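Asks: Encoded as structure tokens, here's the structure I'll be asking about.
The values are calculated or read from the model by the stated rules, or taken from the named source; none is laboratory data. No experiment lies behind these values; they were computed from the predicted model shown. Cβ placement follows ideal geometry from the backbone for every residue including glycine, while neighbour counts extend to all protein chains displayed. Keep in mind that these areas ignore ligands, DNA and RNA; they rest on the heavy atoms of the full protein, side chains included. Shrake-Rupley method; radii C 1.70, N 1.55, O 1.52, S 1.80 Å.
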Amino acid sequence: GSNKLPGVVSNIRETILAYGGEIHFDTLITDFIIHNHKMTGVMDSNGKSYQGQAVVLATGHSARDIFTLLAEKQIAMEAKPFALGVRIEHPQAIVDQAQYRQKIREEHLPASSYKLVCQVRQRGVFSFCMCPGGLVVPAATAPGEIVVNGMSMSKRNSKFANSGTVVAVELEDLAPYKEHGVFAGLAFQKSVEQAMFNAGDGSQQAPAQRLTDFVNGNLSTSLAETSYIPGLFSARLDQLIPDFIAFRLRVAVQEFDKKLKGYYTAEANVIGTESRTSSPIRIPRNKATYMHEQIEGFFPCGEGAGYAGGILSAAMDGQNVAKAVKEYVGV
């Protein structure tokens, strides 16, 4: 449950400190210290340098300033496929009825979830980060963009269920952004997020459509109730996202209804945009050493490096990188 995360993070911090680590709040990494193709440290926004035998880069996939810094230092990166779409929110009761075959969920049954996937014109369309009894939340990382995500409290007692519903974006889809080079996916991602923002009133209200209106290309005269606290405004969301994504989503949600009875309903809202499923950039590394192919002592890690697509895979990658660093420094 997301409500338990602050305690978990606090415990992680205390463990790091107990083993001699340091934590620097309100501090950015502004430079990498490199000598003879070997990274020996970093510089922070306070002008302080930190030297070490190895540098692990584990920033997450939305630290766009780090990608810019890597480009400035001429450290190799590459564009990679990712996924983009919307977040779809249903009343939890609809999902429960479909999964439990009960009109009203029994008291001791948990809020039910789903995992849906299909292929539409050689592209995967799938549910992502499904949140039973959850909330849709704002997740923008810069002014002028609308990004949404989902979360569930530990009790999963919200009356809503939501899930990212996204379409695979392949490198060939990024041709209109080829002038941006390795940042083509990032530019595409930004363009959609900014289109969502520009359609609104300058706040974090998100554009939305009832699911049936999204499929039929109609502006919703009203929207279903939502858990999204900043609020929703009615918009032609099907026109704010690229056509190749909107088309596949229209087909997919009707296919999903065959697997989850009641999924395709006017009681569901389609909310824009779910764009941070994984990084559109990969920092290449050696498969055996986990070290950057170009810079010795530099270990790209997790989602920001393009080697994970969720919490568990990022954690596993972190463990593997930690073992590789240990072997590299010889401790």
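Asks: So, with +1 on the Cβ of K and R and -1 on the Cβ of D and E, and no other charges, what is the size of the charge dipole of the chain about its Cα centre, to the nearest 20 debye?
Replies: That gives the chain a dipole magnitude of about 880 debye.
Asks: D for segment 1-93, whole µm²/s, Stokes-Einstein with Kirkwood Rh over alpha-carbon pairs at 4 °C and 1.567 mPa s: what number?
Replies: 77
Asks: Check cross-link reach from K258 to the aspartates and glutamates: straight Cα distance under 19 Å, and skip same-chain residues fewer than eight apart.
Replies: E89, D96, D213, E267
Asks: Take the Cβ-Cβ distance between K159 and N198 as r, set R0 to 25 Å, and report the resulting FRET efficiency rounded to the nearest 0.05.
Replies: My answer for the efficiency is 0.20.
Asks: Return the Rg/Rh value of segment 196-331, two decimal places, where both radii are evaluated on C-alpha atoms and Rh is the Kirkwood radius.
Replies: Rg divided by Rh gives 1.17.
Asks: For segment 71-153, evaluate the Debye formula with one uniform point scatterer on each Cα (no solvent term) and list log10 I(q)/I(0) at q = 0.21 Å⁻¹, rounded to two decimals.
Replies: -1.09
Asks: By the gyration tensor of its Cα atoms, with a ≥ b ≥ c the square roots of the eigenvalues, what is the shape of the chain: rounded for a/c under 1.5, prolate for a/b over b/c, or oblate? It would help to have the intermediate numbers written out before the result.
Replies: Values: a/c = 2.09, a/b = 1.63, b/c = 1.29.
Judged from the Cα gyration tensor, the chain comes out prolate (a/c at least 1.5, a/b above b/c).
Asks: Within segment 214-317, list the GluC sites (Glu not before Pro) lying in a DSSP loop whose Cβ has at most 15 other Cβ atoms in a 10 Å radius.
Replies: On the way: sites: E225, E255, E267, E274, E293, E296, E303; in loops: E225, E267, E293.
Those that pass, being in a loop and sparsely packed, are E225, E267, E293.
Asks: Principal axis extents for segment 53-114, Cα atoms only, whole Å, descending order, please.
Replies: 59, 29, 16
Asks: To continue, here is another question. Go through segment 1-56 and name the trypsin sites (Lys or Arg not before Pro) that are in a DSSP coil and have 10 or fewer other Cβ atoms within 10 Å of their Cβ. It would help to have the intermediate numbers written out before the result.
Replies: On the way: sites: K4, R13, K38, K48; in loops: K48.
Counting only loop positions with at most 10 other Cβ atoms within 10 Å, the trypsin sites (Lys or Arg not before Pro) in segment 1-56 are K48.
Asks: Here's something else I'd like to know. Strictly over 22 Å apart at the Cα level, which of K103/K159; K38/K326; K115/K287 would you flag in this model?
Replies: Correct reply: K115/K287.
Asks: For segment 253-331, which chymotrypsin sites (Phe, Trp or Tyr not before Pro) are in a loop by DSSP, counting at most 16 other Cβ atoms within 10 Å? Display every interim value, and only then the final one.
Replies: Details: sites: F256, Y263, Y264, Y290, F298, Y307, Y328; in loops: Y263, Y264, Y290, Y307.
Sites meeting the loop and neighbour criteria: Y264.
Asks: Moving to a separate point now. Tell me which aspartates and glutamates have Cα within less than 16 Å of K178's Cα, excluding those fewer than 8 residues away on the same chain?
Replies: Qualifying aspartates and glutamates at Cα under 16 Å: E78, E170.
Asks: Through the Karplus equation 6.51 cos²θ - 1.76 cosθ + 1.60, θ set to phi - 60°, convert the phi angles of segment 51-66 into ³J(HN,Hα) values in whole Hz; use x for Gly and Pro.
Replies: Working through the residues one at a time gives 9, x, 6, 8, 10, 9, 9, 9, 8, x, 7, 10, 7, 5, 5, 5 Hz.
Asks: Determine the share of segment 241-292's accessible area contributed by carbon and sulfur atoms, expressed in whole percent, with a 1.4 angstrom probe.
Replies: 51
Asks: Along the charge dipole of segment 1-114, pointing to its positive end and built from +1/-1 on Cβ of Lys, Arg, Asp and Glu, which listed residue (I16, L109, V86) has its Cα farthest out?
Replies: L109
Asks: Rg to Rh for segment 258-321: what is it, with Cα atoms only and Rh by Kirkwood?
Replies: Ratio value, two decimals: 1.25.
Asks: Can I ask one more? Report the antiparallel proportion of the DSSP beta bridges in the chain as a percent, rounded to a multiple of 5.
Replies: 85
Asks: Hey, any idea what the orientation-averaged projected area of the convex hull of segment 98-241's Cα atoms comes to, in nm²?
Replies: 10.6
Asks: Could you do me a favour and compute the accessible area per residue for the chain, 1.4 Å probe, result in Å²?
Replies: Value for the chain: 50 Å² per residue.
Asks: Carbon and sulfur together cover what percent of the accessible area of segment 13-94 at a 1.4 Å probe radius?
Replies: 52
Asks: Sorted by average packing, counted as other Cβ atoms within 10 angstrom per residue and highest first, what order do 106-113, 22-29 take?
Replies: Values: 106-113: 12.9, 22-29: 10.1.
Highest-to-lowest ranking by the protection proxy: 106-113, 22-29.
Asks: Quick one: which residues, 5+ away or cross-chain, put their amide H under 5 Å from the amide H of I281? H built at 1.01 Å from N.
Replies: Amide H to amide H, under 5 Å and 5 or more residues apart or across chains, I281 pairs with K80.
Asks: Quote the Stokes-Einstein diffusion coefficient, in whole µm² s⁻¹, for segment 166-270, based on the Kirkwood radius over alpha carbon pairs, a temperature of 10 °C and a viscosity of 1.306 mPa s.
Replies: Numbers: Rh = 15.0 Å.
Using the Kirkwood radius from Cα pairs, D works out to 106 µm²/s.
Asks: Taking 0.36 nm per intervening residue step and subtracting the Cα-Cα distance, what contour gain separates K326 from S313 on full extension?
Replies: Stretched out fully, the K326 to S313 stretch lengthens by 2.7 nm.
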